[in-house]
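Enquirer: My structure is below; once you've seen it, I'll send some questions.
The values are calculated or read from the model by the stated rules, or taken from the named source; none is laboratory data. As the structure is a prediction and not an experimental result, all values here were calculated from the model. Every residue, glycine among them, receives a Cβ derived from its backbone with ideal geometry; neighbour counts consider all protein chains shown. All accessible areas refer to the heavy atoms of the entire protein, side chains included, with ligands and DNA or RNA removed. Shrake-Rupley method; radii C 1.70, N 1.55, O 1.52, S 1.80 Å.
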Amino acid sequence: MRENKELEIGGLAFGLTSGIITTLGLIVGINSATNSKLAVIAAILTVAVADSLSDALGIHLSEESRKDETNKPIWTISLFTFIGKLIFSLIFLAPILLLDLRIAIRTSIILGLTLIALLAFYVAKRKKESVLKQTFEHVSLAVLVIAISYYLGSLAGHFV
C-alpha cells in the first residue's frame, strides 16, 4: 500500500508541475503573440486534455519500459499524472474567464508560482531538505519558462 501512495504522490507532483508550467508558458506566450482571450482559452483546454493524456501515456510507457518496474501498479502513476495535470491546467480557466485578460494573465502567473512554491515546500519538508533552496530552484525554473514563452510569443507576434 505504501508503494501505491508514493506513486500517487509522484503522479500528482508531476501532473501539478507539468500542468502549471506548460499552461503558464502557453498562455503567456499565446497572449503575448495574439492578445486574444479566445486563443488563450483554447490553449488551456487543449493542454488540459491532449497534453494531460500525452504525459500520462508517456509516464506509463516510461514505467513499462523499465526492467525493475514490472511489479509496480503502473496505471496508478499514469492515472494520477493525468488527473493532476488536467486539474492544474484547468484551474487557469477561472481567471481567464472572470477577469480582464491582462489581469487574468498576471493572476495566473501569481497563482501558478504560488502552487509551484507550495509543492517545492512540501517536497523539501518530506525529504528533509532545504525549503529555501528547493523553493528558489523550482520557482526560478518556472519563471524562466514564463519569460522565454513571453519573448517567443512576442517574437512570433511580430513576424505573423
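Enquirer: Can you confirm whether segment 1-9 contains a residue that is in contact with an Asp or Glu (Cβ under 9 Å, 6 or more places away or on another chain), in contact (Cβ under 8 Å) with a residue 12 or more places away in the chain, open to solvent by 60 Å² or more (accessible area, probe 1.4 Å) and of a type outside the set (V, I, T)?
Expert: The answer is no; no qualifying residue exists.
Enquirer: Moving to a separate point now. Tally time: how many residues in segment 96-137 are among the small types (G, A, S) and in contact with a Pro (Cβ under 8 Å, 6 or more places away or on another chain)?
Expert: 2
Enquirer: For residues in segment 87-100 being in a helix (DSSP H, G or I) and surrounded by fewer than 17 Cβ atoms within 10 Å (Cβ to Cβ), which is farthest from the chain's Cα centre (by Cα)?
Expert: Only one residue tops the list, namely L98.
Enquirer: Restricted to segment 34-86, and to residues that are among the charged types (D, E, K, R) and over 19 Å from I21 (Cβ atoms), which residue is least open to solvent (accessible area, probe 1.4 Å)?
Expert: Filtering segment 34-86 for residues that are among the charged types (D, E, K, R) and over 19 Å from I21 (Cβ atoms), the one least open to solvent (accessible area, probe 1.4 Å) comes out as E69.
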